[in-house]
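Working notes, structure below.
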Ligand SMILES: [Zn+2]
Ligand SMILES: [Zn+2]
């Protein structure tokens with residue numbers, strides 16, 4: 001069953017992965033691209049006896065499913081949960097976390113007829129997989145059912161009345177179960193356990209929403225006299241107890257010593273060459289390799305260049321397709337992780353083409369796997385992988401979660417997946433029953449990936465990042481207080497549950513007529529339910545509609561629509577190209593027409609930032625670092641047309657769009673003119689230096705806060721009116737903040753140190769997408785001064801290092 005770890009003894013067969021890797025390293029074409037190989041040693045498993053309280057039938061079924069005895073971490077978490085303590089189990093992929101929570105929860109449901117449990121997964125697919133696992137145990141005393149958007153109305157009533165184990169997601173809890181709690185009263189009265197699986201996925205604004213949903217659930221349960229125990233399962237993250245406690249609002253015990261056995265793994269870091277760089281140009285291809293779909297410059301093709309004629313690296317997907325073909329040609333069962341559905345298809349097709357030249361039979365044994373496949377298609381694929389009929393699969397991260405595939409030899413990860421937790425989760429997919437495995441991280445052309453492949457200690461030597469989110473964000477808190485009041489009037493005693501900002505937020509909602517104070521508490525005044533989109537990013541999304549047919553192609557976040565679907569923008573949807581004929585802001589709809597231009601468009605944007613308040617600050621001589629509230633004003637002022645083939649800009653058009661305002665949190669630093677002069681930065685270079693340092697800092701923050709570079713923004717200026725100094729701001733891209741900028745403030749020395757190293761490590765002459773260019777620059781990546789940025793960061797870091805003892809002053813409020 002999925003997730004229930006195999007207890008087969010670790011056979012230390014390391015031959016396959018080892019030989020494949022050494023062959024790759026010997027391959028002259030690749031030798032220079034492998035920047036590091038980490039040997040991750042094998043680990044022996046530590047099994048312990050089943051706890052005495054465990055239901056004997058359940059134990060028998062788990063044994064039949066291959067779990068002879070629990071590993072120590074499973075038993076420890078199970079014991080805590082059994083004794084009523086909230087617990088988070090944070091161990092690696094395939095460490096059998098599900099036994100850790102199913103053992104206490106199912107035992108309790110079997111022992112107490114009125115007992116109920118909820119299982120929460122971030123996706124419907126994972127909840128359905130989990131349901132299959134539970135059903136495969138054939139426990140007649142457990143009535144398990146999923147409850148989500150796909151559950152037919154006729155079944156919902158049965159679930160409420162009879163199910164003892166409900167598998168659902170935070171969205172359904174928020175929209176269905178909590179608002180309809182009266183119908184769920186018997187269920188909630190008996191609720192003994194809440195399992196939160198894959199809890200490290202709840203981060204950023206979404207994490208804050210889920211944290212508040214958990215507080216609403218606790219409040220409603222308390223009203224029905226129950227106090228469920230929280231059992232959380234997490235990938236390995238930094239400080240899992242802190243994240244779990246923030247998510248649930250209760251103190252959570254941590255079990256994070258993984259006692260499952262693991263085979264040894266060779267983990268290679270791989271950096272594709274700069275195209276046209278000469279020294280590392282691909283030499284004649286090795287067996288089964290291919291240049292197809294690679295976009296690389298052959299002898300008679302122009303070498304692609306980036307913006308402002310910057311050199312670019314060969315795409316991670318093209319390099320991964322070659323690796324896939326080579327590994328499959330070697331008989332190595334390989335999984336390639338890519339980020340998008342389209343990339344999965346492209347990588348599989350390129351590998352098939354490459355293999356087709358060598359062996360058509362091998363080509364037919366490579367497939368794509370992506371989100372959106374039906375459950376039967378997925379199971380078919382999984383079983384063909386298991387039997388070895390399929391040798392190579394290119395997959396989106398849908399395969400990262402809860403899917404039952406084992407028997408893989410190698411994983412190739414095309415681009416850092418955003419968090420170290422995901423990286424290890426993906427790498428952990430390889431390794432058959434204790435055999436040796438190979439993992440390769442192929443860097444994409446951006447500063448974070450560049451940094452990682454040149455700093456193995458950031459991947460292997462340190463604890464992974466913390467899951468960052470901020471449940472005190474007023475923009476998230478307020479609507480959940482409205483939801484809570486509409487579920488049950490809010491009492492004075494309830495406010496503590498919602499954090500220190502709750503009182504002021506409630507008063508504000510009363511002033512605005514959203515809540516009304518009565519002797520029994522605060523009441524929701526409207527007829528309709530409060531409207532909260534827990535996965536949205538503020539404002540209604542803009543619909544993309546084909547003008548001729550009225551067909552809805554997709555939606556675009558309100559926050560990004562101005563720059564992506566303005567009039568004249570080229571819009572790509574599933575490989576088809578359109579041009580935006582009209583952006584109607586009032587109705588939030590963009591009308592597009594099919595076209596096949598040989599150009600693309602890039603919006604020009606003007607961004608201003610105003611300091612509202614600095615709430616935390618530290619001064620290090622000539623350098624100040626701040627965290628606080630800012631108001632960001634964006635205005636898309638025009639766009640450029642660029643040739644697809646050459647990147648050449650051949651047209652500029654103005655646009656008349658209104659400014660957009662965002663009140664959010666930012667981290668910023670200021671430096672004095674003296675420091676700039678001492679660092680040898682001429683005043684003409686200052687704008688380029690701070691702009692380059694800002695881009696790279698945005699690229700590296702995801703290493704410290706679990707965000708994506710698209711979740712944050714930045715502004716740099718040689719002279720800022722509010723600070724009176726040269727200033728660089730990095731802000732959370734969501735109203736009210738998401739916790740990312742605050743994390744940057746707290747880890748500023750490490751963050752800016754990594755930023756400096758990423759820029760310095762890149763071998764390009766004057767800036768490229770791997771270091772200081774940003775794909776989302778509203779200023780066309782101009783001006784950028786790479787060398788001056790390194791000098792600026794060196795001077796800044798020296799000041800921070802030297803000034804730590806003397807002048808640190810913190811005004812935390
Ligand atoms: Zn570069
Ligand atoms: Zn920029």
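The values are calculated or read from the model by the stated rules, or taken from the named source; none is laboratory data. Treat the numbers as computed from the prediction; the structure is a model and nothing was measured. Cβ atoms come from the backbone with ideal geometry, glycine included; neighbour counts cover every protein chain shown.
Would you be able to say whether some residue in the range 37-50 is touching a helix residue (DSSP H, G or I) at 6+ places or on another chain (Cβ under 8 Å), surrounded by 14 or more Cβ atoms within 10 Å (Cβ to Cβ) and under 17 Å from residue 229 (Cα atoms)?
Among the residues of the range 37-50, not one is touching a helix residue (DSSP H, G or I) at 6+ places or on another chain (Cβ under 8 Å), surrounded by 14 or more Cβ atoms within 10 Å (Cβ to Cβ) and under 17 Å from residue 229 (Cα atoms), which makes the answer no.
Name, by its number, the condition in (1) in contact with a strand residue (DSSP E or B) (Cβ under 7 Å, 6 or more places away or on another chain); (2) modelled with pLDDT under 95 that does not hold for residue 710.
Among (1) in contact with a strand residue (DSSP E or B) (Cβ under 7 Å, 6 or more places away or on another chain); (2) modelled with pLDDT under 95, residue 710 violates only (1).
Within the range 534-546, is even one residue assigned to a strand (DSSP E or B), touching a helix residue (DSSP H, G or I) at 6+ places or on another chain (Cβ under 6 Å), touching a residue at least 40 places away in the same chain (Cβ under 8 Å) and under 27 Å from residue 657 (Cβ atoms)?
yes
Quick check: is even one residue across the range 316-325 at pLDDT below 90, buried (at least 17 other Cβ atoms within 10 Å of the Cβ) and within 16 Å of ligand 1 (Cβ to nearest atom)?
Within the range 316-325, the first condition is being at pLDDT below 90, and the residues that meet it are none.
So far as the range 316-325 goes, no, none of its residues is at pLDDT below 90, buried (at least 17 other Cβ atoms within 10 Å of the Cβ) and within 16 Å of ligand 1 (Cβ to nearest atom).
Quick one: count up the residues across the range 481-493 that are in a helix (DSSP H, G or I) and modelled with pLDDT of 95 or more.
7
Applying the selection to the range 507-525, what residues are part of a loop (DSSP other than H, G, I, E, B), without any contact (Cβ under 8 Å) to a residue 24 or more places away in the chain and under 36 Å from the mean Cα position of the chain (by Cα)? Give the steps one after another, and end with the answer.
Looking only at the range 507-525, we keep the residues that are part of a loop (DSSP other than H, G, I, E, B), and these are 512-514, 519-520, 525.
If we keep only those that are without any contact (Cβ under 8 Å) to a residue 24 or more places away in the chain as well, we get 512-513, 519, 525.
Residue satisfying the conditions is 512 alone.
Considering the range 788-813 alone, what residues qualify as being more than 31 Å from the chain's Cα centre (by Cα) and either buried (at least 17 other Cβ atoms within 10 Å of the Cβ) or modelled with pLDDT of 90 or more (or both)?
Applying the first criterion (more than 31 Å from the chain's Cα centre (by Cα)) to the range 788-813 yields 788, 791, 795, 798-799, 801-811.
Of everything in the range 788-813, those that are more than 31 Å from the chain's Cα centre (by Cα) and either buried (at least 17 other Cβ atoms within 10 Å of the Cβ) or modelled with pLDDT of 90 or more (or both) turn out to be 788, 791, 795, 798, 799.
Answer yes or no as to whether residue 155 is at pLDDT 95 or above and surrounded by fewer than 23 Cβ atoms within 10 Å (Cβ to Cβ). Steps first, answer last, please.
On the way: at pLDDT 95 or above: no; surrounded by fewer than 23 Cβ atoms within 10 Å (Cβ to Cβ): yes.
No, not satisfied.
Determine, yes or no, whether residue 328 is in a helix (DSSP H, G or I), modelled with pLDDT of 90 or more and either surrounded by fewer than 18 Cβ atoms within 10 Å (Cβ to Cβ) or in contact with a helix residue (DSSP H, G or I) (Cβ under 7 Å, 6 or more places away or on another chain) (or both). I'd like the intermediate steps shown before the answer.
On the way: in a helix (DSSP H, G or I): yes; modelled with pLDDT of 90 or more: yes; either surrounded by fewer than 18 Cβ atoms within 10 Å (Cβ to Cβ) or in contact with a helix residue (DSSP H, G or I) (Cβ under 7 Å, 6 or more places away or on another chain) (or both): yes.
For residue 328, the condition - in a helix (DSSP H, G or I), modelled with pLDDT of 90 or more and either surrounded by fewer than 18 Cβ atoms within 10 Å (Cβ to Cβ) or in contact with a helix residue (DSSP H, G or I) (Cβ under 7 Å, 6 or more places away or on another chain) (or both) - is met.
Quick test for you: out of 692, 684, 697, pick the one residue that is more than 16 Å from ligand 1 (Cβ to nearest atom) and either at pLDDT 90 or above or part of a helix (DSSP H, G or I) (or both). Quick ask: steps written out before the conclusion?
Working: 692 fails: more than 16 Å from ligand 1 (Cβ to nearest atom); 697 fails: more than 16 Å from ligand 1 (Cβ to nearest atom).
Residue meeting the stated conditions: 684.
Report yes if some residue within the range 261-277 is in a loop (DSSP other than H, G, I, E, B), closer than 20 Å to residue 347 by Cβ, out of contact with any strand residue (DSSP E or B) (no Cβ under 8 Å at 6 or more places or on another chain) and at pLDDT below 90; otherwise report no.
Within the range 261-277, the subset in a loop (DSSP other than H, G, I, E, B) is 261, 263-264, 271-273, 275-277.
Next, from what is left, pick out any that are closer than 20 Å to residue 347 by Cβ: 271-273, 275.
Applying the additional criterion that residues be out of contact with any strand residue (DSSP E or B) (no Cβ under 8 Å at 6 or more places or on another chain) yields none.
Looking through the range 261-277, none of the residues is in a loop (DSSP other than H, G, I, E, B), closer than 20 Å to residue 347 by Cβ, out of contact with any strand residue (DSSP E or B) (no Cβ under 8 Å at 6 or more places or on another chain) and at pLDDT below 90.
From the list 192, 132, 143, 203, which one is farther than 29 Å from residue 531 by Cα and at pLDDT below 95?
On the way: 192 fails: at pLDDT below 95; 143 fails: at pLDDT below 95; 203 fails: farther than 29 Å from residue 531 by Cα.
It is 132.
Counting just the residues of the range 742-787 that are assigned to a helix (DSSP H, G or I) and within 15 Å of ligand 2 (Cβ to nearest atom), which one comes out surrounded by the most Cβ atoms within 10 Å (Cβ to Cβ)?
Start the filter on the range 742-787 by keeping residues that are assigned to a helix (DSSP H, G or I), which leaves 742-746, 748-761, 786-787.
Still in the running and within 15 Å of ligand 2 (Cβ to nearest atom): 755, 759, 786.
Details: 755: 31, 759: 27, 786: 22.
My answer is 755.
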